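The values are calculated or read from the model by the stated rules, or taken from the named source; none is laboratory data. On a predicted model such as this, the values are computed, not experimentally measured, just so you know. Cβ sites come from the backbone with ideal geometry, for glycine too, and all protein chains shown count toward neighbours. Just so you know, the surface numbers come from the protein's heavy atoms only, side chains and all, with ligands and any DNA or RNA stripped out. Shrake-Rupley method; radii C 1.70, N 1.55, O 1.52, S 1.80 Å.
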Amino acid sequence: MPLYLGLMSGTSVDGVDAVLARFEPGFEIIATHSTPISAELKQRILDMATGKGESIDKLGVLDKDLADLFAEAANNLIEANPIPRSEIAAIGSHGQTLRHRPSLGFTLQSGDPSRIAEQTSIKTIADFRRRDLAAGGQGAPLVPAFHRALFQKSGTDRVIINIGGMANLTSLPGDTEQMVIGFDTGPGNVLLDEWISLQQSKAYDQDGAWGASGMVNSELLERLLDEPFFQLPPPKSTGRELFSMDWLSIHLNNISPIGAEDVQATLAEFTAISICHAVASLGMSSPELYICGGGARNLHLMQRIARHAPGSNVQSTATLGLDPDWVEAAAFAWLAWRTDSALSGNLPAVTGAAGERILGAIYPA
Ligand SMILES: Nc1ncnc2c1ncn2[C@@H]1O[C@H](COP(=O)(O)OP(=O)(O)O)[C@@H](O)[C@H]1O
Ligand SMILES: [Mg+2]
């Protein structure tokens, strides 16, 4: 049965995740691989995403360089595993989000799919989000359809929470006749990463240990939770355009100075509470919570989520048979399989699109 290779680099800009999987006759992961993103490329991505490096030439060169990195990640995975390229039906490449502004009618994922197809000799499917936007949706989140396909269980209410740079959830009602909903809950790791990077030049707070060493500042916490995004009804999605260092600085400037570790502790608490409020808004009684994305490795954050979701069992998706590190890349392999099979990939109830759509564009091998 044909294989599909998913490529994902999220808002954290920590690396390109690659997953080779099959979906027929049943779901199976064949191989995984992660290619790091250099500090230099990460800076160029963030400069472009925050508008500091804007020029059409820089955007074009970045689009090319990202494509080369995505192709390298795919080729690395293939070369590390004894799989003939001919067995891989298609690559599903998410691209690197440089801007996500559904309110202005656009979202921009970069990484030229023509170059990926050329360098891998494999059909490449990309640009999954814009068709949903064209149909009036947010173009995000797209992973809930995959979560439903993989993780829904009749008779048990489940919520899948993906904690990448941003966090998004998928509600999977035990009553499978009920609608599946999903939306971005707000920041995931992004503010935790930005703050420790500014204070200690580290990419992330290993195991959440630094955050765990600080004290939550209730004044800052209240101000952060006052953000109007949290009151918006779904469908909704967000990104670095809103939850950025600039956003945090405005709030820090409005309170008495506090210790750097207390800011980290408060950010972890804020992230956990914003996720748990979103879970509570679903109105399920004590659903099972399954975490995926890099945030699942932040032990402190996991403990705070468990504390704010009393009665719910908080586990990682590993319990359901899929390692939390590979869920998103597997979702883009799945979306490639859907498009390649002429099947829709979006859930209109999640994105707000006018209907189900076959997502993305196909770049032949
Ligand atoms: N051991 C760890 N301790 C704490 N946080 C971690 C750990 N490993 C990964 N992370 C967090 O996960 C993030 C990457 O998560 P990922 O799911 O790849 O996000 P994205 O989809 O935005 O790329 C890192 O930036 C970091 O914040
Ligand atoms: Mg990542």
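GLU72 to ILE250: FRET efficiency via 1/(1 + (r/R0)^6), r the Cβ-Cβ distance, R0 35 Å, to the nearest 0.05?
Values: r = 39 Å, r/R0 = 1.10.
After rounding, the FRET efficiency stands at 0.35.
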Using a 1.4 Å probe, what is the accessible area per residue for the chain, in Å²? 41 Å²
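Are there GluC sites (Glu not before Pro) in segment 31-135 that DSSP marks as loop and that have at most 15 other Cβ atoms within 10 Å, and which are they?
Values: sites: GLU40, GLU54, GLU72, GLU79, GLU87, GLU118; in loops: GLU54.
Answer by residue number: GLU54.
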Lysines with Cα under 16 Å of LYS58, excluding same-chain neighbours fewer than 8 positions away: LYS42
Using a Gaussian network for the chain with springs between C-alpha atoms less than 10 Å apart, which of these wobbles most: PHE332, PHE230, PHE27? PHE27
Once you order the gyration tensor axes a ≥ b ≥ c over the Cα atoms, which shape class does segment 85-162 get: rounded for a/c under 1.5, otherwise prolate or oblate by comparing a/b with b/c? oblate
What are the lysines whose alpha-carbon lies under 25 Å from the alpha-carbon of LYS123, with same-chain residues fewer than 8 places away excluded? LYS64
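Around GLU219, with a cut-off of 14 angstrom between Cβ atoms, what is the net charge of the other residues, counting Lys and Arg +1 and Asp and Glu -1?
Values: positive: ARG223; negative: GLU222, ASP226, ASP262, GLU269.
With Lys, Arg at +1 and Asp, Glu at -1, the neighbours total -3.
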About the Cα centre, and with charges only on the beta carbon of Lys, Arg (+1) and Asp, Glu (-1), how big is the dipole of the chain? Nearest 20 debye, please. 580 debye
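How large is the helix-only mean residue ellipticity at 222 nm for the chain, computed as the sum of -39500 (n - 2.57) over DSSP H runs with n ≥ 4, divided by its residue count, in deg cm²/dmol to the nearest 500? Kindly include the intermediate steps, with their values, before the conclusion.
On the way: 13 runs with 139 residues, N = 365.
Mean residue ellipticity, 222 nm, calculated: -11500 deg cm²/dmol.
Ignoring ligands, DNA and RNA, please state the percent of accessible area on segment 146-312 from carbon and sulfur, probe 1.4 Å.
Details: 3430 of 7130 Å².
Result for segment 146-312: 48 percent of the exposed heavy-atom area is carbon or sulfur.
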Sparsely packed trypsin sites (Lys or Arg not before Pro) within segment 1-82, loop by DSSP, other Cβ within 10 Å at most 10: LYS52
Roughly how many whole Å is it from the C-alpha centroid of segment 39-101 to that of segment 123-141? 17 Å
